[in-house]
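**Student:** Let me give you the structure first, and then I'll get to my questions.
The values are calculated or read from the model by the stated rules, or taken from the named source; none is laboratory data. Bear in mind the structure is a predicted one, so any value in this text is a computation, not a measurement. Here Cβ is always computed from backbone atoms with ideal geometry, including for glycine, and neighbour counts include all displayed protein chains.
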Amino acid sequence: MKTVNSLSGGKTSSYIAANYPADYDVFSLVRIEDENCRFPDENIRKIVEDKIQAPFIGTAEDDTIIYTMLDLEQYIGREITWVTGKTFEKVIGNHGGFLPNKIARYCTTDMKTTPIAEWRHKHIKDDVTMRFGYRANEQGRAKRMMEKVNANGMTEVKIVVGKTKTGTQNRWKTIEYCKPDFPLIEAHLFKDTIEEYWKDKEVRFAYMNNCIGCWWRSPLLLNKMNEKHPKKMQWFADREEESGSTFRSDVKYSEIIKWKPQASLFDDDFDDCDSGYCGL
């Protein structure tokens, strides 16, 4: 049995990498093709391309997450494996231009879970225990994941393993992905412990990790993200205009970005994205 730490770039999953050494630490990068969102440091951008073995223009996440993963690798003294799937634009195109939303949450599957699962299938032949950064107050999330395991206690993922004999279609296979493990729940650790741990460490973290315009965030928080990342929020608004569909059922992103800045928000209400698994 091999151990894998699933990393999101947030403080909680990074805490696991720092305190629970594994055989592998893996991070899946969400890429976008918009030159307006181009990563500003060309040298770092080339380093990322070397790591993912794919073109990298920019990410739908906070750019700081790139520095987080590079800093974290130095801090823990172990190599972090970077993987990536198709760009966000191509993923949307594969779904007929229909945007992901709370009903069709394919973005997590296509850009987070599947790239890691394909890497795992290719490089690890043993069974895998995968650690997720769910804290002691997130037992409900862990329970929902455990409800999906098979008789062997493993989650399953359907991935492409090649082409059919004609070479015209993908050949799919359902694999046993991992046995989920939640060490922070077992250790009864909460957010305050995580925050205290990173207070004096030389690892840079984003204000919030995962996609800037994630539709799980409230409209008020999305408005806050627009203050910090206007070009990336515009990317999300542009996808709605192009597709004719929306990420949310209640309000369009083009409306959110026009709102006046709102009062300060309580960050604690919106910190569920740093577990190493985008499965809210």
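**Student:** How many residues are more than 30 Å from residue 180 (Cβ to Cβ) and among the basic types (Lys, Arg) if we restrict to the stretch 1-51?
**Tutor:** Qualifying residue count for the region: 3.
**Student:** Further, regarding this structure: Kindly indicate the residue of the stretch 148-163 that is assigned to a strand (DSSP E or B), under 21 Å from the mean Cα position of the chain (by Cα) and of a type in the set (A, V, I, L, M) and also farthest from residue 15 (Cα to Cα) among those meeting that condition. Before the answer, list the steps.
**Tutor:** Start the filter on the stretch 148-163 by keeping residues that are assigned to a strand (DSSP E or B), which leaves 155-163.
Among the residues that remain, those that are also under 21 Å from the mean Cα position of the chain (by Cα) are: 155-160.
Now narrow it down to the ones that are of a type in the set (A, V, I, L, M): 157, 159-160.
Numbers: 157: 26, 159: 29, 160: 32 Å.
Here the answer is 160.
**Student:** Let me ask something else. Return the residues of the stretch 67-81 that are surrounded by 22 or more Cβ atoms within 10 Å (Cβ to Cβ) and in contact with a helix residue (DSSP H, G or I) (Cβ under 6 Å, 6 or more places away or on another chain); say none if nothing qualifies.
**Tutor:** 72 - this is the single residue of the stretch 67-81 that is surrounded by 22 or more Cβ atoms within 10 Å (Cβ to Cβ) and in contact with a helix residue (DSSP H, G or I) (Cβ under 6 Å, 6 or more places away or on another chain).
**Student:** Is it true that some residue in the stretch 138-147 is in a loop (DSSP other than H, G, I, E, B) and surrounded by 14 or more Cβ atoms within 10 Å (Cβ to Cβ)?
**Tutor:** no
**Student:** Considering (1) at pLDDT below 95; (2) basic (Lys, Arg); (3) buried (at least 17 other Cβ atoms within 10 Å of the Cβ), say which one residue 125 fails and leave the rest.
**Tutor:** (3)
**Student:** Here's another thing I want to ask about it. How many residues are at pLDDT below 95, over 23 Å from residue 120 (Cα atoms) and of a type in the set (Phe, Trp, Tyr) when one looks only at the stretch 170-211?
**Tutor:** Total satisfying the criteria: 1.
**Student:** Among the numbered criteria (1) out of contact with any Pro (no Cβ under 9 Å at 6 or more places or on another chain); (2) modelled with pLDDT of 95 or more, which single criterion is violated by residue 49?
**Tutor:** (1)
**Student:** On to the next question. Within the stretch 174-206, track down each residue that is surrounded by 12 or more Cβ atoms within 10 Å (Cβ to Cβ) and among the charged types (D, E, K, R). Walk me through how you get there before you give the answer.
**Tutor:** Step one: list which residues in the stretch 174-206 are surrounded by 12 or more Cβ atoms within 10 Å (Cβ to Cβ), which gives 175-185, 187, 189-191, 193-195, 197-198, 201, 203-206.
Within the stretch 174-206, 176, 179, 181, 191, 195, 201, 204 meet the criteria.
**Student:** OK, next. Pull up the stretch 1-57, narrow it to residues that are part of a helix (DSSP H, G or I) and among the polar types (S, T, N, Q), then point me to the one that is surrounded by the fewest Cβ atoms within 10 Å (Cβ to Cβ).
**Tutor:** 43
**Student:** Have a look at 130, 69 and point out the one that is under 23 Å from residue 225 (Cα atoms) and either at pLDDT 95 or above or more than 14 Å from the chain's Cα centre (by Cα) (or both). Write out each step before concluding.
**Tutor:** Values: 130 fails: under 23 Å from residue 225 (Cα atoms).
Exactly one of 130, 69 is under 23 Å from residue 225 (Cα atoms) and either at pLDDT 95 or above or more than 14 Å from the chain's Cα centre (by Cα) (or both), namely 69.
**Student:** Okay, next question. Need the failing condition index for residue 166 against (1) outside any helix (DSSP H, G or I); (2) under 21 Å from the mean Cα position of the chain (by Cα), just the number.
**Tutor:** Unmet condition: (2).
**Student:** Within the stretch 91-117, can you find the residues that are touching a residue at least 24 places away in the same chain (Cβ under 8 Å) and more than 13 Å from the chain's Cα centre (by Cα)?
**Tutor:** 92, 97, 98, 99, 100, 101, 102, 117
**Student:** Shifting gears a bit: Among the hydrophobic types (A, V, I, L, M, F, W, C), under 19 Å from residue 184 (Cα atoms) and at pLDDT 95 or above - does that describe any residue in the stretch 146-162?
**Tutor:** yes
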